[in-house]
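Laboratory data are not the source of any read-out in this text; all were calculated from the coordinates shown. None of these values were measured; they are calculated from a predicted model. All Cβ positions, glycine included, derive from the backbone under ideal geometry; neighbour counts span all protein chains shown.
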Amino acid sequence: GIMRLSYSQLEWFLRCPYVYKYLFIDKNSLPRCNDAVFGGILHNVLEHIYKDRPVILTLSEALAFYEKDWESREAAAYFSSPLDAQVHFKEGLTIINAYYQKNNLPEGGQEARILALEQFFEVPVEDKKTGQTHLFTGRIDRIDKLPNGLEVIDYKTSKSLRSEAEIAKDLQLSLYHLGIAALWPRMVKECGEEVYVSLYFLRHTQKVSVKKTARQLKETQGQLLEYIRQME
């Protein structure tokens, strides 16, 4: 049949078909883990920093927002001990501080570049063999308009960095590339070779970027159809 899939569903299937079935076919949920909660709060803070652009939150406003979000989500409850929660809470403050310094906020002029935050997309991918069109959905943390290009930015709270080679093969970022091509086909076409996908590693205040080409859009579609056939 026709499938509608989000990236996280696809990721679970590739990691473990049994977990995929448990979550998305049998409609169970997994307990939330501290990594997910911590990452979720930081993503939320980063969205809010720029939400009312051109006005950007000051550092103290961003830290206050973080503290409030931590409290309202009762984040401490997800950690193994009060000490562990405290360590992570402090690490979050450090990450936000470092982000402001590295990006020279609030005067960094980034707000002018930001095209979208938390942008939802859906990409139709047609299977010529069966005549069916499947839908892939996702949400992109941030999309920037460069002087003559576009950049997709995905924030990561992982402890380890990843190389450009790994990022070039990253399925999530390839899907995001398809996502922006579906949202802004003309703009993506006009940008030609100047389309970038980036992972921003918050713990390292480091961004790793790779270029994407028009040809890769077709390759990604082929890869996604291959996974759909495995799922069926």
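Here are a few things to note about the model shown:
- Taken along the Cα-to-beta-carbon direction at a fixed 7 Å, the label points for Glu61 and Glu91 span 2.8 nm.
- Mean residue ellipticity (222 nm) of the chain, computed from DSSP H runs ≥ 4 via -39,500 (n - 2.57), nearest 500: -14500 deg cm²/dmol
- Using a cutoff of 8 angstrom between alpha carbon atoms and counting only pairs six or more residues apart, the relative contact order for the chain works out to 18 percent.
- For the pair Glu219 and Val19, a Förster radius of 22 Å applied to the C-beta separation gives a FRET efficiency near 0.25, rounded to the nearest 0.05.
- Cα gyration tensor shape for the range 20-67, rounded if a/c is under 1.5, else prolate or oblate: prolate
- Extending 7 Å from Cα along the Cβ direction at Ala168 and again at Glu232 yields two label points whose distance is 3.2 nm.
- Note on Lys145 and Glu194: the model spin-label points, each 7 Å out from Cα along the C-beta direction, lie 1.2 nm apart.
- With only the Cα atoms considered, the range 1-111 has a convex hull volume of 152 Å³ per residue.
- Within the straight-line cut-off of under 13 Å between alpha carbons, the aspartates and glutamates reachable from Lys21 are Glu11, Glu232, sequence neighbours fewer than 8 places apart in one chain being disregarded.
- Principal-axis tilt of helix 34-50 within the chain, Cα atoms, nearest 10 degrees: 80 degrees
- Fully extending the segment from Thr205 to Ser72 would add 45.3 nm, taking 0.36 nm per residue of separation and subtracting the current Cα-Cα distance.
- Rule-of-thumb Rg ratio for the range 54-156 [Cα; 2.2 N^0.38 Å; N residues]: 1.48
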